[in-house]
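What follows is a set of notes on a single structure, which appears directly below.
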Amino acid sequence: MKRLFFTILFLLLLIMGGVLFWQWNVYLEKQSAQSKHISYQVNETIHMEVKGRYIEVEHEFFGLPTGNYQLNFQKSIKPVCQEDDKSCQQSGNQKQNLETNGGTLRFTYKLKKSTSQAFVLDNWAVQLEQVKIENTRVEITDYSNKVGIWAAGARLIGETEKEKISYYVFEGREGTFPLYYQQKKSKQFEAGDVMVYGASSGRLVQAVQKYEAIAPITLIITTAASPFSSEHLLIGPSVDKLAHVLSKRYYQTYYPFSNKKERWLQSVIGAYVRDEKPKGKAKQLYEELAKGLTKEQQAAFVSVLKKKRGQEFSAEYLDELLSNVTGLVTHYFELNKVKSHKVHPLIFINQAKWLNRDGEHSVVQSVTVRLKRYYLLEQVTEKLGFHAEWVNQHFYLNNGSKTFRLYPGKKVFLYNEKAHSVEGTLLTQFNNQYYISEDYMLKVFNVFVREQNNELELVDLNTLQ
């Protein structure tokens with residue numbers, strides 16, 4: 001009896017397992033079909049008729065495979081859907097869920113036309129979420145006012161005017177695009193895939209090329225509409241404003257800063273990669289870099305900036321790139337990243353090894369500023385065997401046979417209590433420490449630094465005489 005019970009139980013488990021396996025396969029097939037829908041490419045054609053206060057839209061999708069889709073549209077419009085002349089199978093509160101049999105989808109709806117002198121239609125059309133659109137064609141027939149113009153964030157294929165109507169055709173890729181309308185005619189200037197309305201501006205065309213804007217692109221110079229920016233349509237009050245938008249978009253694409261407070265450093269980058277003329281603090285930073293880098297280092301910095309475009313930038317990352325180019329450590333951009341603060345000089349920090357007389361090594365710190373090397377005064381005097389004291393706002397040095405008095409910020413110094421002078425300031429302060437340059441080390445102490453393989457040797461000419 002027990003054997004029969006377990007046999008029946010085993011058979012039931014097998015049957016239930018088979019059913020679950022079959023349901024799982026059905027689910028996977030459905031998911032696979034939906035993923036194919038997502039990657040499937042379709043075309044759409046939109047016919048728009050402008051009549052009085054409304055724009056009547058007939059919107060068709062071609063080439064959709066059988067499956068379920070999610071519609072996306074503004075709440076103000078109520079699209080009516082047909083598939084091959086039959087009502088569509090829709091569900092949801094706003095009928096946003098759609099099931100198709102692979103036929104042609106046709107939506108009809110109305111858009112309310114603005115009464116403003118100029119306006120932009122953005123995100124105005126019915127969209128199928130997660131469906132890649134291969135080509136979009138928009139045909140506009142305007143019965144209301146043939147004096148005005150229509151433009152778009154897409155290529156203008158053709159336009160014509162008849163006795164009572166104006167007709168426009170636009171084509172773009174990857175879905176619907178913004179449309180622009182104004183009640184008055186405007187000058188048109190076309191250069192390849194660049195269309196400019198409002199002025200014959202060759203400078204704007206140059207800006208499009210310089211800042212690598214994605215073509216086709218339409219640029220509209222007008223004060224009738226609020227500024228607007230999309231990938232293929234820009235609207236602004238002047239040539240300068242539109243050129244600035246193109247510039248800003250370029251730097252945010254290729255030299256992006258996640259920290260908005262550091263984004264002004266893009267102007268410094270632009271001076272190198274696009275020969276821009278920076279202003280304000282950006283100009284000061286650029287000029288300081290020009291004085292602190294050799295021509296070879298500047299060329300290398302330009303090269304590495306171009307290679308790294310597209311990376312995430314920051315003040316810290318710029319310091320890293322500059323340090324790699326020069327082989328010296330700097331925190332120049334970090335120290336100067338706050339736009340409202342004063343400019344700090346370009347300082348490169350280098351740590352090398354002193355070669356002592358006994359053959360041992362000790363670490364010495366030097367800085368390079370405007371291509372001149374400075375050494376920490378304390379380390380130099382100690383190396384020369386002087387005892388140093390800070391007395392009455394100056395350094396008093398004594399090694400038993402010689403004395404020096406060195407005054408920060410002054411040209412004059414005393415050697416064995418006799419006055420001498422140098423051309424510039426004898427001691428320079430960096431990071432709250434006093435340094436002396438190589439040339440003044442020679443003039444004051446009669447010593448120079450010999451460097452080989454990152455080893456430094458302080459050569460005292462007094463001992464060689």
Inset, instruction - Compute the length gained on full extension between Asn446 and Lys339: take 0.36 nm times their separation in residues and subtract their Cα-Cα distance, giving the result in nm to one decimal. - result: 34.3 nm
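Would you calculate a helix-derived [θ] at 222 nm for the chain, using -39,500 (n - 2.57) for each DSSP H run of n ≥ 4 and dividing by the full residue count, to the nearest 500? Write out the running numbers ahead of the final one.
Values: 10 runs with 128 residues, N = 465.
Mean residue ellipticity, 222 nm, calculated: -8500 deg cm²/dmol.
What FRET efficiency do you get for Lys184 and Ile349 if R0 is 41 Å and r is their Cβ-Cβ distance, rounded to the nearest 0.05?
On the way: r = 62 Å, r/R0 = 1.51.
Efficiency computed from Cβ-Cβ geometry: 0.10.
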Legend entry - In range of the label at Val412: residues from segment 421-456 whose backbone nitrogen is under 11 Å from the point 7 Å along Cα→Cβ: 421
Legend entry - Using alpha-carbon coordinates, inclination of helix 2-39 to the longest axis of the chain, degrees: 80
Legend entry - Answer label, with percent of Cα pairs over 41 Å apart calculated from the coordinates and candidates (i) 51; (ii) 39; (iii) 17: (i)
Legend entry - FRET efficiency, Lys164 to Thr223 (Cβ-Cβ, R0 22 Å, nearest 0.05): 0.15
Legend entry - Per-residue ³J(HN,Hα) for segment 242-257, Karplus 6.51 cos²θ - 1.76 cosθ + 1.60, θ = phi - 60°, Hz, x for Gly and Pro: 5, 4, 5, 4, 4, 5, 4, 5, 4, 5, 6, 7, 9, 9, x, 10
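If the chain between Lys306 and Val363 were fully stretched, how many nm would it gain, using 0.36 nm times the residue separation less the Cα-Cα distance? All intermediate terms of the calculation are to be shown ahead of the outcome.
Values: separation 57, 0.36 × 57 = 20.52 nm, distance 3.59 nm.
Stretched out fully, the Lys306 to Val363 stretch lengthens by 16.9 nm.
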Inset, instruction - In nm, give the distance between the simple-model label positions of Asn432 and Glu320, each being 7 Å from the Cα along the Cα-to-Cβ direction. - result: 2.8
Legend entry - FRET efficiency for Glu212 and Thr115, using Cβ-Cβ distance with R0 set to 51 Å, rounded to 0.05: 0.85
Inset, instruction - Name the residue farthest towards the positive end of the dipole of segment 255-335 from the options Val304, Leu265, Leu335, assuming +1 on Cβ of Lys and Arg, -1 on Cβ of Asp and Glu, about the Cα centre. - result: Leu265
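Is there a pair in Lys210/Lys248; Lys51/Lys187; Lys164/Lys185; Lys260/Lys342; Lys210/Lys307; Lys410/Lys443 whose C-alpha atoms are over 21 Å apart, and which pairs would that be?
On the way: Lys210/Lys248 12 Å; Lys51/Lys187 25 Å; Lys164/Lys185 16 Å; Lys260/Lys342 19 Å; Lys210/Lys307 17 Å; Lys410/Lys443 15 Å.
With Cα atoms farther than 21 Å apart: Lys51/Lys187.
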Inset, instruction - Calculate how steeply helix 295-307 sits against the longest principal axis of the alpha-carbon atoms of the chain, using the helix alpha-carbon long axis, and give the answer as 0 to 90 degrees to the nearest 10. - result: 20
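Just so you know, all these numbers are worked out from the coordinates, no wet-lab data involved. Here the structure is a predicted model, which is why all the values come from computation and not from measurement. Please note: Cβ atoms are built from the backbone with ideal geometry, for glycine as well, and neighbour counts cover all protein chains shown.
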